[in-house]
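*Asks:* Here's a structure for you.
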Amino acid sequence: PMDYRKPVTFGENWSPSRYKVLPYFAVEKSLLTQPGIDRILDLGCANGWNMSRFAQYGRASIGLDMVPERVHLALSHGPALLASGLEIPLADATFDVVYVQHVLHHIGDVKKALAEARRVLKPGGYLFLIETIEDNPLIRWGRRLYPSWMGDEINAPFTFQSLQSTVSEAQFHIMVASQYSVLFWLWETLPDQIPFFERLTPLAVVLEQQLQRYFRRQSAHCFLVARK
């Protein structure tokens, strides 16, 4: 997997074919490049990978993470704060978008985290949420064997439906909700560990497209766009 202890810029370690089965990138770009989207908070920014992508869209962002080493790396892509998503040290109604990628399941108090995200969003602001979900049996089994990821414990497992319910209960209006990645999530790991697998990515894309056609409900990932 991506090593969050090392500096990474979006796009430098992925081939273009990987993006074809990750539909949230197109939705994200469409949202973040709209007029009036100026302030973005990357909650759980790690090494600033997402922040570097936002900069490629021409958008500045602020990162937030609880691990000092990650914050230090993220600073190469923009301002970054050492803080908790449960107590964001920023004023109410500050951001147009709060972006949360594969972070919510590590937070023990999900309700409080979503309340904080809502607090710092401007009226009409957007929550962009990407999550791993346990609709895929391999994810369920894997988490029983490995209850942490890169040293971060998994405290809040979700299904696609339960995540939508949780976000709605936090007083967000869900505008887009989609599952993706039946098996392609393995390509977040294999090519970085075994470079030869990157050559097989085009074949994996074709396989994933067929799997999504017939088994989308067993996807391992989802993304939501919700509005305050």
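The values are calculated or read from the model by the stated rules, or taken from the named source; none is laboratory data. The model shown is predicted, which means the values in this text are computed figures rather than measured ones. Note: ideal-geometry Cβ built from the backbone for every residue, glycine included; neighbour counts use all protein chains shown. The accessibility values were calculated without ligands, DNA or RNA, using every heavy atom of the protein model including side chains. Shrake-Rupley method; radii C 1.70, N 1.55, O 1.52, S 1.80 Å.
*Asks:* Output the residue which, of all residues in segment 45-59 that are within 19 Å of A117 (Cβ to Cβ) and hydrophobic (A, V, I, L, M, F, W, C), is surrounded by the most Cβ atoms within 10 Å (Cβ to Cβ).
*Replies:* C45
*Asks:* Right, here's the next one. Within the bounds of segment 79-96, is there any residue that is over 16 Å from the mean Cα position of the chain (by Cα) and of a type in the set (V, I, T)?
*Replies:* Within segment 79-96 (the criterion being over 16 Å from the mean Cα position of the chain (by Cα) and of a type in the set (V, I, T)), the answer is yes, since at least one residue qualifies.
*Asks:* So how many residues does segment 102-138 have that are assigned to a strand (DSSP E or B), in contact with an Asp or Glu (Cβ under 8 Å, 6 or more places away or on another chain) and not aromatic (F, W, Y)?
*Replies:* 3
*Asks:* Another question, if that's okay. Among the numbered criteria (1) assigned to a helix (DSSP H, G or I); (2) closer than 26 Å to D192 by Cβ, which one does L31 miss?
*Replies:* (2)
*Asks:* Quick one: count up the residues across segment 64-80 that are part of a loop (DSSP other than H, G, I, E, B) and either β-branched (V, I, T) or open to solvent by less than 30 Å² (accessible area, probe 1.4 Å) (or both).
*Replies:* Adding up the residues that qualify gives 2.
*Asks:* Show the residue pairs meeting these rules: Cβ distance below 6 Å; 6+ apart or different chains; first residue within segment 175-186 and over 17 Å from L127 (Cα atoms); second residue open to solvent by less than 10 Å² (accessible area, probe 1.4 Å) and not in a strand (DSSP E or B).
*Replies:* Y180/S219; S181/S219; S181/A220; V182/S219; F184/V21; F184/E208; W185/A220
*Asks:* Just checking, which of Q212, Q179 is open to solvent by less than 30 Å² (accessible area, probe 1.4 Å) and assigned to a helix (DSSP H, G or I)? Write out each step before concluding.
*Replies:* Working: Q179 fails: assigned to a helix (DSSP H, G or I).
Selected residue: Q212, the only one of Q212, Q179 that is open to solvent by less than 30 Å² (accessible area, probe 1.4 Å) and assigned to a helix (DSSP H, G or I).
Listed here are the residues, each with its yes/no results for (1) in contact with a strand residue (DSSP E or B) (Cβ under 9 Å, 6 or more places away or on another chain); (2) at pLDDT 90 or above.
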| residue | (1), (2) |
| --- | --- |
| L127 | yes, yes |
| N136 | yes, no |
| G151 | no, no |
| I154 | yes, no |
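*Asks:* Any residue at all in segment 81-97 that's open to solvent by 20 Å² or more (accessible area, probe 1.4 Å), of a type in the set (D, E, K, R) and at pLDDT 95 or above?
*Replies:* yes
*Asks:* Just the residues that are in a helix (DSSP H, G or I), closer than 19 Å to L82 by Cβ and without any contact (Cβ under 8 Å) to a residue 40 or more places away in the chain, please, taken from segment 41-63.
*Replies:* M51
*Asks:* Is there a residue in segment 46-61 that is among the charged types (D, E, K, R), out of contact with any Cys (no Cβ under 9 Å at 6 or more places or on another chain) and closer than 20 Å to Y126 by Cα?
*Replies:* The answer is yes, given that some residue of segment 46-61 is among the charged types (D, E, K, R), out of contact with any Cys (no Cβ under 9 Å at 6 or more places or on another chain) and closer than 20 Å to Y126 by Cα.
*Asks:* Given the criteria in contact with a strand residue (DSSP E or B) (Cβ under 6 Å, 6 or more places away or on another chain), surrounded by 17 or more Cβ atoms within 10 Å (Cβ to Cβ) and of a type in the set (A, V, I, L, M, F, W, C), does F184 qualify?
*Replies:* Against the criterion (in contact with a strand residue (DSSP E or B) (Cβ under 6 Å, 6 or more places away or on another chain), surrounded by 17 or more Cβ atoms within 10 Å (Cβ to Cβ) and of a type in the set (A, V, I, L, M, F, W, C)), F184 does not qualify.
*Asks:* Next question. When you check S162 against the structure, is it outside any loop (DSSP other than H, G, I, E, B), open to solvent by less than 60 Å² (accessible area, probe 1.4 Å), of a type in the set (S, T, Y) and under 18 Å from A26 (Cβ atoms), yes or no?
*Replies:* Working: outside any loop (DSSP other than H, G, I, E, B): yes; open to solvent by less than 60 Å² (accessible area, probe 1.4 Å): yes; of a type in the set (S, T, Y): yes; under 18 Å from A26 (Cβ atoms): no.
No; evaluated as a whole, the condition is false for this residue.
*Asks:* Name the single residue, out of those in segment 109-134 being open to solvent by less than 40 Å² (accessible area, probe 1.4 Å) and of a type in the set (D, E, K, R), that is nearest to the chain's Cα centre (by Cα).
*Replies:* Result: E131.
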